[in-house]
Amino acid sequence: MDLKDATLMFLTESAGHPTVQRIARAAYARLADGEAVDHRVLTELLGEASAKGVLRAIGQKYSPAAYDAVLMPICREIDRQRPVPPRVRPPGYPGSADPLTAPMPAR
């Protein structure tokens, strides 16, 4: 299943949940027009679907393999687009020394 099909599944399975339908419809329309969908829209779609019980309903209605086939294209696209946050240095290293290149402490 590709990303467009996955958003279409969310659109069809979200009857009765206007917020989820609105987000899924907007994402699907962009994908159908050949445009990209921002990871924030896809993240909002998953968040709303989870909050409204749509993810649970899909999981109960379909097999685990089908559930993964619907969910994973959206998760992969979010993962592909989302920027990686800067790495925080662990406490205990002096200044801004990189722990991989800092000299070993004396024993």
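Okay, here's what the table says:
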| item | result |
| --- | --- |
| Residue among ASP38, ASP5 that alone is surrounded by fewer than 19 Cβ atoms within 10 Å (Cβ to Cβ), in contact (Cβ under 8 Å) with a residue 40 or more places away in the chain and closer than 15 Å to ALA69 by Cα | ASP5 |
| Candidates ARG30, ARG40, ARG56, ARG25, filtered to the one that is in contact with a Leu (Cβ under 6 Å, 6 or more places away or on another chain) and charged (D, E, K, R) | ARG25 |
| Members of the range 33-58 that are more than 15 Å from PRO73 (Cβ to Cβ) and in a helix (DSSP H, G or I) | ARG40, GLU44, GLY47, GLU48, SER50, ALA51, VAL54, ARG56, ALA57 |
| Count of the range 8-35 residues which are in contact (Cβ under 8 Å) with a residue 40 or more places away in the chain and among the hydroxyl-bearing types (Ser, Thr, Tyr) | 1 |
| Count - residues of the range 80-107 that are part of a helix (DSSP H, G or I) and either open to solvent by less than 80 Å² (accessible area, probe 1.4 Å) or modelled with pLDDT of 95 or more (or both) | 1 |
| Members of the range 48-90 that are over 13 Å from the mean Cα position of the chain (by Cα) and of a type in the set (S, T, N, Q) | GLN60, SER63 |
| Residue satisfying condition, being among the basic types (Lys, Arg) and farther than 18 Å from GLU77 by Cβ, within set LYS61, LYS4 | LYS61 |
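The values are calculated or read from the model by the stated rules, or taken from the named source; none is laboratory data. What you are looking at is a predicted structure, and each value in this text was computed from that prediction instead of being measured. Neighbour counts are summed over all protein chains in view; Cβ atoms, including those assigned to glycine, are modelled from backbone coordinates with ideal geometry. Please note that ligands, DNA and RNA were not included when accessible areas were found on the heavy atoms of the full protein model with its side chains. Shrake-Rupley method; radii C 1.70, N 1.55, O 1.52, S 1.80 Å.
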